[in-house]
Amino acid sequence: MEVYKNVSDLRAGILLKEDVFVNTKYPLIRKDTELSPEHLEVLQAFSVKRVKVEERVSKKVMPKDEQIPHLDVDAVLDHIPVNMYILRKQYNETVREYKKEFIAWRAGKQPDITKIRELIIPLLEKFISNKRMLTMLNELSDPKDYIYHHSIAVGILSAAISNQMGNSKGENLQIGLAGTLADCGMAKINPEIIEKTAFLTKEEYNEVKKHTLFSVKMIQSSPLLRQEMKMAILQHHERLDGSGYPRGDKLDTISTYAQILAVADVFHAMTSERLYRSKHSPYKVIEMIKEEEFGKFDIKVVEALHKLIGNLSIGMRVKLTSGEIGEVMFLHRDTPLRPIVKILYSGSTLDLTNNRSIAIEKIIE
């Protein structure tokens, strides 16, 4: 029986029943591979969470002349973009350090903005120069530690969106720092509410909504954040149609910086797996922000995110949410995120405008 299993639950000898891609043109590990301990190590190194396998353990014995040579993990890591592996490692270390700071804030300590700045700036700069990794932020997130991953990812996305909009390096790093600190006030919210594995009640949600005010109070005295960035933190849950909080601000009373934080916040939240719901594909989320959330966000900010994450071109290889691998054949002018795709294994074509239940999951470079 073929099932999807967490990589952490796998053992050597299990048969892989689906190619594993990690932003590469060719599979990291191919379908029908009998997984060895080294394969499992590679999957973990690239933060692959789940794979499709055959439930039984393979007992097939191959002739010596057909056996696959011993897998050299270091050689694989050298062959497949090393920067990707290094950046993942740096990201995870940053999340761990941020978690320590957050726990200290929960105990009453004031944020050390200098320390957070030193922690996040190197990561912002690397992600800005390595844009393809932005589409993988949701894959790096861990539902159990979501709140810490979310803060780091919002900082990264905010800086990248700002850069895409043509802002200066100083502005990019400032908005990235603001994005990282936007939810520091969550440390003042009851942990039972934050860690709840089901949807919040109205009373609990009202409690969570106070975090923007707590965040501003916690960073207000720091000279390392510009005043307009502190205002952006206050307003990052405001919406142009007045439906946001804490004040219900509208239109031009909401700064562009606040809108950058807002779009980064919503995008990462919707593309990340949570304890109480599954994630959406980045391309599906951009589409939802443009269509279902129309009128709530600055279109210039949304378009910057689209160009940064969702810019498709003819000939590009993509993985669909159905699990199929295809090649972009035609882009519709009005719905560029729903192209006509040629399925590689079958040769058939699929028009995503007529198949709304399927979306692009990732680009395979």
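The values are calculated or read from the model by the stated rules, or taken from the named source; none is laboratory data. All values reported here derive from a predicted model rather than from experimental measurement. Cβ: placed from backbone, ideal geometry, glycine included. Neighbour counts: every protein chain shown. These accessible areas exclude ligands, DNA and RNA; they are computed on the full protein's heavy atoms, side chains included. Shrake-Rupley method; radii C 1.70, N 1.55, O 1.52, S 1.80 Å.
The table that follows gives values for the structure above.
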read-out: For the chain: relative contact order, % (alpha-carbon pairs under 8 angstrom, 6 or more apart); value: 12 percent
read-out: Average accessible area per residue (Å²) across the chain - probe 1.4 Å, nucleic acids and ligands excluded; value: 48 Å²
read-out: Dipole of region 256-365, positive end: most advanced residue of I260, T335, Y345 [Cβ charges, Cα centre]; value: Y345
read-out: Carbon + sulfur, % of accessible area of the chain - ligands and nucleic acids excluded, 1.4 Å; value: 51 percent
read-out: Spacing of the two label points (7 Å from each Cα toward its C-beta) at N190 and Q227, in nm; value: 3.7 nm
read-out: Estimated dipole of the chain in Debye, rounded to 20 [Cβ of Lys and Arg +1, of Asp and Glu -1, Cα centre]; value: 420 debye
read-out: Hydrodynamic radius by Kirkwood, which averages 1/r over all alpha carbon pairs of the chain, in angstrom; value: 21.9 Å
read-out: Hz values of 3J(HN,Hα) by residue in region 213-221 - Karplus curve (6.51, -1.76, 1.60), Gly and Pro given as x; value: 5, 4, 4, 5, 4, 6, 10, 4, 7
read-out: Nearest-ten-degree value, helix 82-106 long axis tilted from longest Cα axis of the chain; value: 40 degrees
read-out: Candidate residues E327, E41, E192: accessible-area rank, largest first, probe 1.4 Å; value: E192, E41, E327
read-out: Prolate/oblate/rounded call for region 125-276, Cα gyration tensor, a/c under 1.5 rounded; value: oblate
read-out: Helix 256-271 vs. the chain, principal-axis angle (Cα, 0 to 90°, nearest 10); value: 40 degrees
read-out: Extension reserve of the A107-I314 stretch, reckoned as 0.36 nm per residue once the Cα distance is removed; value: 69.3 nm
read-out: Accessible-area value, E292, 1.4 Å probe, nucleic acids and ligands omitted, Å²; value: 120 Å²
read-out: Shape of region 222-277, Cα gyration tensor, a/c cut at 1.5; value: oblate
read-out: Surface accessible to a 1.4 Å probe, R239 within the full protein complex, Å²; value: 30 Å²
read-out: Pairwise Cα inverse-distance average, inverted: Kirkwood Rh of region 168-242 (Å); value: 13.4 Å
read-out: Ratio Rg/Rh [Cα only; Rh per Kirkwood] for region 251-350; value: 1.03
